[in-house]
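Here is the structure we will look at.
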Amino acid sequence: MKKALIVGAAGFVGSYLAAQLTEDGMQVYATKLPSEKVEGIKAELHDLNILNREEISALLYKLRPDYIFHLAAQSSVALSWKNPGLTIDVNIKGSVNVMDAIREQAYQPRVLLIGSGEEYGHVFPEETPISEDNHLRPGNLYAATKACQNMIAKIYTEAYNMELVMVRAFNHIGPKQAPAFVVADFCKQVVEIEKGMREPIIVVGNLQAKRDFTDVRDVVRAYSLLAQRGRAGETYNVGSGHAVAIQEVLKMIISKSLIPVDIKVDPGKFRPVDVPIIEADIAKLCRQTGWKQKISLEQTICETMEYWRENL
């Protein structure tokens, strides 16, 4: 049985990826920070701080995983503006620690490094949908750190003959996502209104931006396929291939509400810099792995609403 290690499994994607890898017939291990609590994950858990390279090396020597999925990151764009130093430490220094610990091993595991569609940044209209060889113009600090991780990984693949595969994941959504992210935030606010926990007004930021949303369960299927079939040193977009305006997403969410809801725009929710449209060209992913989207945006929204109805 192949062994898989998820580095940074306490976040939104971790439990979904563990379930997918288990379904794929792998023995799954996962890491978290000592301070983090992880429930409902199908994996053997280990404490790990990626800012400590010796800890990473010791765990890899002990487990010798065939596949490593590097999810550990500071993944909030909003928080990256408030705490740039933390974002740089975790997303660049932490990733380099992981890569260095891997290259010191006496074998070559397959490694998937998770980046972001935010790396493309300011995209011109004629560049949409965005292919993997598009010029990178990061528009925020989080995106810049992920672009740096990608470039370093490309160099490590060539210089040290490592089996590193890079991903640029676009917006993934679904039940259990934290309300720091737009779809989860909107769904949670609507359910709070339904339950009488707040006034019947949903507070929003920029509704004109267009984003490429994919259900997290479709995303982790892509991750598993890429770890097994992706080419070392290559980068793959993971998304739906279709951008939707935040305004349209909000309309869909409100349409699922059990009571009327009004909208209030809060300038405080606007980002210092916001990219008008981000849409993935996923031809490379589909061609190489045979991946296809299975879960619609509407289904994801319905299930996210139900999650909040059951958990608030």
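The values are calculated or read from the model by the stated rules, or taken from the named source; none is laboratory data. Fair warning: this is a prediction, and the values are worked out from it, not measured in the lab. Quick reminder, even Gly has a Cβ in these numbers, built from the backbone with ideal geometry, and neighbours come from all protein chains shown. Side chains are part of the model used for accessible areas, which takes the heavy atoms of the whole protein and leaves out ligands, DNA and RNA. Shrake-Rupley method; radii C 1.70, N 1.55, O 1.52, S 1.80 Å.
Quick notes on this structure:
- Of the strands (runs of 3 or more DSSP E) contained entirely in the range 177-257, those carrying at least 3 residues that are within 29 Å of Glu127 (Cα to Cα) fall at 210-212, 235-238, 243-245.
- When residues in the range 103-147 are screened for being within 30 Å of Asn49 (Cβ to Cβ), aliphatic (A, V, I, L, M) and open to solvent by 10 Å² or more (accessible area, probe 1.4 Å), 5 of them pass.
- Residue match in the range 99-109 (condition: in contact with a strand residue (DSSP E or B) (Cβ under 8 Å, 6 or more places away or on another chain) and under 27 Å from Gly239 (Cα atoms)): yes
- If you filter the range 282-312 down to residues that are modelled with pLDDT of 95 or more and assigned to a loop (DSSP other than H, G, I, E, B), you find that the one that is nearest to Arg198 (Cα to Cα) is Ser296.
- Of all residues in the range 283-303 being under 18 Å from Ser255 (Cβ atoms) and of a type in the set (Ser, Thr, Tyr), the one that is least open to solvent (accessible area, probe 1.4 Å): Thr300
- Every residue from the range 18-37 that is open to solvent by less than 30 Å² (accessible area, probe 1.4 Å) and part of a loop (DSSP other than H, G, I, E, B): Met26
- Residue list for the range 160-198, filter: out of contact with any helix residue (DSSP H, G or I) (no Cβ under 6 Å at 6 or more places or on another chain), surrounded by fewer than 24 Cβ atoms within 10 Å (Cβ to Cβ) and closer than 30 Å to Arg103 by Cβ: Asn161, Glu163
- Total residues in the range 219-233 satisfying the condition of being open to solvent by 10 Å² or more (accessible area, probe 1.4 Å) and either touching a strand residue (DSSP E or B) at 6+ places or on another chain (Cβ under 6 Å) or farther than 16 Å from Tyr67 by Cα (or both): the figure is 1.
- All conditions but one from (1) under 15 Å from Asn171 (Cβ atoms); (2) surrounded by 19 or more Cβ atoms within 10 Å (Cβ to Cβ) apply to Tyr236; the one that does not is (1).
- Residues (of a type in the set (Lys, Arg) and over 22 Å from Gln74 (Cα atoms)) located in the range 189-216: Lys195, Arg198, Lys210
- Selection from the range 37-72 of residues that are over 20 Å from Met26 (Cβ atoms) and at pLDDT below 95: Lys37, Glu39
- Selection within the range 199-218: residues that are among the β-branched types (Val, Ile, Thr) and under 28 Å from Leu285 (Cβ atoms). The member of this set that is surrounded by the fewest Cβ atoms within 10 Å (Cβ to Cβ) is Val216.
- Check on Arg64, open to solvent by 50 Å² or more (accessible area, probe 1.4 Å), touching a residue at least 40 places away in the same chain (Cβ under 8 Å), of a type in the set (Lys, Arg) and touching a Phe, Trp or Tyr at 6+ places or on another chain (Cβ under 6 Å): no
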